[in-house]
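The values are calculated or read from the model by the stated rules, or taken from the named source; none is laboratory data. Predicted model, so just to flag it, every value in this text is computed and none were measured. Positions of Cβ are generated from backbone atoms using ideal geometry, with glycine treated the same way; all protein chains shown enter the neighbour counts. Keep in mind that these areas ignore ligands, DNA and RNA; they rest on the heavy atoms of the full protein, side chains included. Shrake-Rupley method; radii C 1.70, N 1.55, O 1.52, S 1.80 Å.
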Amino acid sequence: MKTVIKKGRVVDPGQGREQILDVLIVDGIVARIAEAIDEADAEIIDARGMVVAPGLIDIHVHLRDPGQEYKEDIVSGTRAAAAGGFTAVACMPNTAPVNDTLAVTEYIRNRALHEGLVRVYPIGAITKGLRGETLTEMGELAAGGCVAFSDDGRWIADGDLMRRALEYVKPFGVPLMTHAEDTTVSAGGVMNEGFVATDLGLKGIPWVAEDAAVFRDVMLAALTGTRLHVCHISTRGSVDILRNAKKAGIGVTGEVTPHHFTLTEEAVRGYDTNAKMSPPLRTEEDLEAIRQGLADGTIDVIATDHAPHHRDEKNVEFNLALNGIVGLETALSLTLALVGKGILTLPQALAKLTSAPARVLSLPGGSLREGSAADIVIFDPQRKWTVDPQLFQSKSRNTPFAGRQLEGVVCRTLVGGRTVFRRL
Amino acid sequence: MSFSHKHILGTRHLSPQDITLILDTAESFKEINARAIKKVPTLRGKTVVNLFYEASTRTRTSFEIAEKRLSADAVNIAASSSSVVKGETLEDTAKNIEAMRPDIIVIRHFASGAADYLAKRLDCSIINAGDGAHEHPSQALLDLFTMRQHKGRIAGLTVTIVGDITHSRVARSNLFALHSMGAEVRLAGPGTMIPPGIEKFGCKVFTAMDEALAGADVVMMLRIQLERQGRSLLPSLREYARFYGLNRDKLKLAREDVLVMHPGPMNRGVEIASDVADGERNVILEQVENGVAVRMALLYLVSGPAPENP
């Protein structure tokens, strides 16, 4: 079985390659990348005018499976991923039951293997039941396929426990991912604290809820020497803490979501529950700092925090609405908008969706090397489209980007050489 | 002049012309409340539902009386917040009510944005009778009405509002309306009760009550609560009374002809000493009286062109 992707602009930031080339895939493996490959018996994919890149990797998604399949499941979630150009996702453990035992990890891996469209890497819980009390069997979970650990959505408030978690996980070679939020500071807030919250009469969450938590966790990473990944950075202060930590040689990495580099708290006006997320949308100054952090490499990764919720969970009073939005099917276009604005080059932007996330979680893929699995996305970087949530592959529609015109359309996604998504 | 708003969700988006029209209309209704037969046929055949998710005596009664004096059919629904949590969504409740074809829904709700939520989903007019810590427009408008009645104007007045500004929809609605009408608004309270960024609305913020009171034409005291969502914002009511309570001595800092206002219910001895609450400068019961006329005006104006004049 041979396929040749013809005359696409191959952009592979992991290898510093950006050139019009042909890609030959044989039996699901990248066999050769060169100019003008002619194979008589190969299927031809015409990629003229398209970008051919390593399949995107999202290290922060919620597939809601097991337990909340009415929001999303491994099939619909990986279909959404494929539609967004992703060939691999890492899923957070806040399922029901929580992914804190090998049985749940194996369930996720098995269902993904048999029914998923893209590769799925489970993230295990740091503490049993995400309760912040007792460590999970991280050794067994890592051996069973968990690529990282996180109590996502719940910061481990007990500093000593977080320290033990970092110390304990270190020999297993996987990082911890922290949702850094001191909830004694955020204290029930529902949006960013400031003028807009005051205007709307909503309780605010000040930046210090994030900065203080990021700082403690980064310092614990320094103390223990364990790799720490800071999830969904939303404040200017977090960017500064991360930048300084990296300068000091501390083993930390960071991610930002497309919504946190695109939207501000102004999106909440009108009490739009699709603009309610944790961490909250912040200010123009934070946005600026985050974009700067992306450009100078402080922020390594763009990850979606894809958080599907049912309509009924968003169609309520703002205070009562659940946090989060879906992101897999809009992430690439929103990232390309940064290229359009001149904040990142195309290879830089794609690095944050391919080679960098692969490096952070030590995942295969993220680069197009001869001999590696043919996980590839082909997209038209110029083509415009309008976000219509009704057309999402995800089961959920909770996006603040409905009706927004974006550029960049995924035309085809291949996992192991097999086309898992195709749009003409 | 015509009134272009279908809903009254807040004072934030009312123009000075809108506010003047509301106050002028209320003026014309006020006389009805002094008649022997306190009823006009203005809203005959209209149905108004008072949907209250929070306990309220003053506001609900005031709306109900206003509705009845305009000959509307008034229906009261007291939905407790607990029934919401375990059962029907606000949208479902509202749609069920709407299916019975009311013309206006007056809503009081614990969540900021609840009135806005209904306005986006229903066809009938919505009047916000208080949503969370957001707005309470009819209260602010009756406050302005009372100020104008005594001072002859709003523009140029110095109005000091003291209390828990962060959690006060009354403070917000007054701030927006007063600012739009050209008054100088001063807000005062302990640091835990001043919301971030409020000064961007063009008001002055004080933590020292003496400074806030100096030369004020109107002093509005807000009801104080020791706790909000189980978190204390104050060490004690006693300490609050000492630093932010209004008594005769402090009131001397204001203008001699100052008006003392309070949206009620009062905590005597906490935010307001009894000698002030019962003193000659207070217009607190006039506020309540004017509330009926102002709410009649709001009900009338959102009902669109009337078949007859009031």
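Given a 1.4 Å probe and the protein chains as shown, A:Lys246 ends up with an accessible area of around 60 Å².
Probing with 1.4 Å while keeping every protein chain in the model, the per residue accessible area of the protein assembly as shown equals 38 Å².
Output the relative contact order of chain B, whole-number percent, from Cα pairs under 8 angstrom with separation of 6+ residues.
Over chain B, the number comes to 21 percent.
Placing R0 at 45 angstrom, the Cβ-Cβ distance between A:Asp41 and A:Gln390 gives a FRET efficiency of 0.65 after rounding to 0.05.
For the residues of B:194-202, the average number of beta carbons from a partner chain within 10 Å of their own beta carbon is 4.
Among B:Arg12, B:Arg295, the order of accessible area from largest down is B:Arg12, B:Arg295, computed with a 1.4 Å probe on protein heavy atoms. Each DSSP beta bridge with both residues in chain B is either parallel or antiparallel, and the antiparallel ones are about 10%. To the nearest 0.05, how large is the calculated FRET efficiency for A:Val26 and A:Lys128 if R₀ is 41 Å and r is the Cβ-Cβ distance? The formula returns an efficiency of 0.35 here.
Across peptide A:189-200, the average count of Cβ atoms from other chains found within 10 Å of a residue's Cβ is 5.
The accessible-area ordering, largest first, of the residues B:Asp210, A:Asp38 stands as A:Asp38, B:Asp210, per a 1.4 angstrom probe.
Per residue of peptide B:106-112, the mean number of Cβ atoms on other chains within 10 Å of the residue Cβ is 3. The label point for B:Asn247 and the one for B:Glu280, both projected 7 Å from the Cα toward the Cβ, are 2.1 nm apart. Between A and B, buried accessible area from a 1.4 angstrom probe totals roughly 1700 Å², ignoring ligands, DNA and RNA.
Evaluated with a Cβ-only charge set (Lys, Arg +1; Asp, Glu -1), the protein assembly as shown carries a dipole of roughly 820 debye about its Cα centre, given to the nearest 20. If I take R0 = 35 Å and measure r between the Cβ atoms of A:Ala96 and B:Asn96 in this structure, what FRET efficiency does the formula 1/(1 + (r/R0)^6) give, to the nearest 0.05? With a Förster radius of 35 Å, E is 0.65.
Only protein heavy atoms count here; under a 1.4 Å probe, B:Phe3 has an accessible surface of about 30 Å². In this Cβ point-charge picture (+1 for Lys and Arg, -1 for Asp and Glu), chain A has a dipole of about 640 debye about its Cα centre. Distance between the modelled labels on A:Phe172 and B:Ala78, one decimal in nanometres: 5.6 nm (7 Å Cα→Cβ projection). To the nearest 10, the accessible area of B:Tyr244 is 30 Å² with a 1.4 Å probe.
Hey, quick one: spin label on B:Gln17, modelled 7 Å out along Cα-Cβ, who in segment B:291-305 has an amide N within reach, i.e. under 19 Å? From segment B:291-305, the list is B:298, B:301-305. For chain A, the relative contact order comes to 20 percent (Cα pairs under 8 Å, sequence separation of at least 6). Rounded, prolate or oblate: which fits segment B:104-212 when a ≥ b ≥ c are the square roots of the eigenvalues of the alpha-carbon gyration tensor, with rounded for a/c under 1.5 and prolate only if a/b beats b/c? It comes out oblate by the Cα gyration axes. Extension gain, A:Asp160 to A:Asp312, is 50.8 nm, computed as 0.36 nm per intervening residue step minus the present C-alpha separation. Of all beta bridges that DSSP places with both ends in the protein assembly as shown, some 35 percent have antiparallel geometry. Per residue, the average separation of C-alpha pairs within less than 8 Å and at least 6 apart gives segment B:187-310 a relative contact order of 24 percent. For segment A:55-360, the antiparallel share of DSSP beta bridges with both residues in that region comes to about 5%. Counting only Cα atoms, the size of segment A:1-121 along its three principal axes is 51, 28, 23 Å, in decreasing order. Compactness of segment A:143-209 is given as radius of gyration and Dmax, 16.1, 51 Å, from Cα positions.
Three principal axis extents describe the C-alpha atoms of chain A; from largest down they are 65, 47, 43 Å. Solvent-accessible area assigned to carbon and sulfur over chain A amounts to 50 percent, based on a 1.4 Å probe. Taking the empirical scaling 2.2 N^0.38 Å for compact globular proteins as reference, chain B has a Cα radius of gyration ratio of 0.98. Once you sort the root eigenvalues of the Cα gyration tensor of the protein assembly as shown as a ≥ b ≥ c, which label holds: rounded (a/c under 1.5), prolate (a/b larger than b/c) or oblate (the other case)? In terms of gyration-tensor shape, prolate.
Rounding to the nearest 20 debye, state how big the charge dipole of segment B:133-213 is about its Cα centre with +1 on each Lys and Arg Cβ and -1 on each Asp and Glu Cβ.
260
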